[in-house]
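Input: a single structure, listed below in structure tokens.
The values are calculated or read from the model by the stated rules, or taken from the named source; none is laboratory data. Just so we're clear, the structure is a prediction, and the values are computed from it rather than from any experiment. For neighbour counting, all protein chains shown are included, and Cβ atoms are generated from backbone atoms with ideal geometry for every residue, glycine included. The protein model used for the area step is the full one, side chains on, heavy atoms only, and it has no ligands, DNA or RNA in it. Shrake-Rupley method; radii C 1.70, N 1.55, O 1.52, S 1.80 Å.
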Amino acid sequence: MAAPEGPLVVGVDSSTQSTKALVVDAATGQVVARGQAPHTVSADHESDPEQWWRALCAALEQCGPVVHQAAAVSVGGQQHGLVTLDAEGRPVRPALLWNDVRSAPQRDRLVEELGGPEVWAERFGSVPATSFTVTKWAWLREVEPEAAAATRAVRLPHDYLTERLTGRGTTDRGDASGTGWWSTATQEYDEEILEKVGLSPDLLPRVLGHGEAAGTVRPVEGLPLPQGALVATGTGDNMAAALGLGLRPGRPVLSLGTSGTVYAVSTHRPADPTGTVAGFADARTDWLPLACTLNCTLAVDRVAALFGLDREAVEAGGGVTVLPFLDGERTPHLPYASGLLTGLRHDTTPGHILQATYDGAVYALLEALERVLDADADADTPILLIGGGAKGTAWRETVRRLSGRPVVVPRAQELVALGAAAQAAGLLLGEDAAAVARRWSTAEGPSYEAVERDEETLARLSATLTGADTLLRQR
Ligand SMILES: Nc1ncnc2c1ncn2[C@@H]1O[C@H](COP(=O)(O)OP(=O)(O)O)[C@@H](O)[C@H]1O
Ligand SMILES: O=C(CO)[C@@H](O)[C@H](O)COP(=O)(O)O
């Protein structure tokens, strides 16, 4: 490996399953060192924020002595999670994560109370799913009022970690746009909804602008980062990956991780009243229309494990259909659903069922693809495939077959952490973070041409969803 040319920066991805840290040469984008430490997630989809902090320290430690040379750092994190802190900054209870659907009744009530889906879409850019922080806060107040009453600060996962680095309560517009209490129309906290859910704005972090610093690293025992290093705003993980790809409008991204997401950058503020597309802000000054599923790589891995199969052991054909809604589902909005298997015959093999699970997981994302792209986007633009699943052949081939589009798999693998590193480098060098990532050529990688779209499978999935509607909505 060539010796680094420029100052070093650190990018962090604190996502659902683990924390990943990269030490990156700000001049070239070369990854100089990396570390990763796992998180524990309970069956109820809760995680201890203190554990994220320990995982961050462990991942940084794994990077070795070079991490002590970092001049700037930034944290990207899983979106939406509700972190509630007491007066000492300690978690009141474990964080409620984006894939917990227990707040579905509170979500329905909030949509209704504010005037319906159109009002939400116009004011917040999104009709909230159960992932949105506002629904979780409403759940907490109703189900655990003593925990809500003990709360002195409310944070998102990336805010919590950034605050532990700097000592200051800050967030950014990208992650704030997934709370349901930050209006994309006014780009401010919305006092009416905060009042409705009984949350004082004083408990919320300050929303920093693009390119602002969150602060500097303060002296913290056991933290392997140099005191005084600059700390960038950080952002939600999808916004960080968009930065990490140097994404321009019209380029679709499909991310295959714990969540499946499909998104594109847009210069127009999104407002989809059907609720399929969340109208997030990006980490700069544009927008990030995005659709997200709750069941992606973990659902496929669970089905593979049930049959004792390797995740690549798929078999084409078989006529079987799987709706892999193991955790309930957000896209389509079916929070009470469970997984569904139909079309079983004597000749169905475990490999057919595994392939059908991939198909079911990819289908909902591709259904949303056209909606996240602007109307004038070129339908032949390749999909950028990222996330842990992008390493798998079965995932890639399923996306090609069901999309009929060319696919590019960026060589750079940790795009959330790289995006955070680009944000840190942008702050340090006074450059636009997306321009930094483009200079680093992060979106380049092997390209796979379009194949004919498998209309038969798509039609079968669509018919199954419609036919099973009553079953999928049962509580
Ligand atoms: N070689 C691989 N082939 C296919 N899938 C993989 C491979 N390696 C990891 N994965 C999948 O990637 C997922 C983790 O993806 P990642 O994007 O890191 O998740 P998250 O950011 O949500 O924590 C795992 O659930 C696993 O199924
Ligand atoms: O809820 C969303 C997006 O709205 C998820 O994409 C989370 O941000 C979690 O991301 P991963 O841990 O799967 O990367």
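Just to confirm my filter: which strands (runs of 3 or more DSSP E) fall fully inside the stretch 70-165 and include at least 1 residues that are of a type in the set (Lys, Arg) and under 24 Å from Trp52 (Cβ atoms)?
On the way: elements: 70-77, 83-85, 153-155.
Once the strands (runs of 3 or more DSSP E) in the stretch 70-165 are filtered for at least 1 residues that are of a type in the set (Lys, Arg) and under 24 Å from Trp52 (Cβ atoms), what remains is 153-155.
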Sole miss for Ala375 among (1) within 21 Å of Ala242 (Cα to Cα); (2) free of Cβ contacts under 8 Å to residues at least 24 places away in the same chain; (3) in a helix (DSSP H, G or I) is condition (3)
Of the candidates Arg396, Arg453, Arg411, the one satisfying the condition of being in a helix (DSSP H, G or I) and either at negative phi or touching a residue at least 60 places away in the same chain (Cβ under 8 Å) (or both) is Arg396
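May I ask you to verify whether Leu365 is under 23 Å from Glu455 (Cβ atoms) and open to solvent by 20 Å² or more (accessible area, probe 1.4 Å)?
Values: under 23 Å from Glu455 (Cβ atoms): yes; open to solvent by 20 Å² or more (accessible area, probe 1.4 Å): no.
No; evaluated as a whole, the condition is false for this residue.
What residue, among those in the stretch 1-19 that are more than 25 Å from the chain's Cα centre (by Cα) and among the aliphatic types (A, V, I, L, M), is farthest from ligand 2 (Cβ to nearest atom)?
Taking the stretch 1-19 as the starting set, the residues that turn out to be more than 25 Å from the chain's Cα centre (by Cα) are 1-8.
Cutting the leftovers down to among the aliphatic types (A, V, I, L, M) gives us 1-3, 8.
Working: Met1: 28, Ala2: 31, Ala3: 33, Leu8: 25 Å.
Ranking the qualifying residues of the stretch 1-19, first place goes to Ala3.
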Note on the stretch 61-89: residues under 30 Å from Ala148 (Cβ atoms) and touching a helix residue (DSSP H, G or I) at 6+ places or on another chain (Cβ under 8 Å) are Val75, Gly76, Gly77, Gln78, Gln79, His80, Gly81, Leu82, Val83, Thr84, Leu85, Gly89
inquiry  = So, Leu22, is that one surrounded by 24 or more Cβ atoms within 10 Å (Cβ to Cβ), away from ligand 2 (no atom under 16 Å from the Cβ) and either under 18 Å from Ala229 (Cβ atoms) or within 22 Å of the chain's Cα centre (by Cα) (or both) or not?
reply    = no
Per the filter on the stretch 304-347, residues buried (at least 21 other Cβ atoms within 10 Å of the Cβ) and within 12 Å of ligand 1 (Cβ to nearest atom) are Ala304, Val314
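Run down Gly125, Gly115, Gly77, Gly89 and say which single residue is touching a residue at least 60 places away in the same chain (Cβ under 8 Å) and open to solvent by 30 Å² or more (accessible area, probe 1.4 Å).
Working: Gly125 fails: open to solvent by 30 Å² or more (accessible area, probe 1.4 Å); Gly115 fails: touching a residue at least 60 places away in the same chain (Cβ under 8 Å); Gly77 fails: open to solvent by 30 Å² or more (accessible area, probe 1.4 Å).
Going through Gly125, Gly115, Gly77, Gly89 in turn, the sole match is Gly89.
Could you check how many residues of the stretch 348-362 are part of a loop (DSSP other than H, G, I, E, B) and open to solvent by less than 30 Å² (accessible area, probe 1.4 Å)?
So in the stretch 348-362, the residues part of a loop (DSSP other than H, G, I, E, B) come out as 348-349.
After this cut, where a residue has to be open to solvent by less than 30 Å² (accessible area, probe 1.4 Å) as well, the list is 348.
Counting residues in the stretch 348-362 that are part of a loop (DSSP other than H, G, I, E, B) and open to solvent by less than 30 Å² (accessible area, probe 1.4 Å) gives 1.
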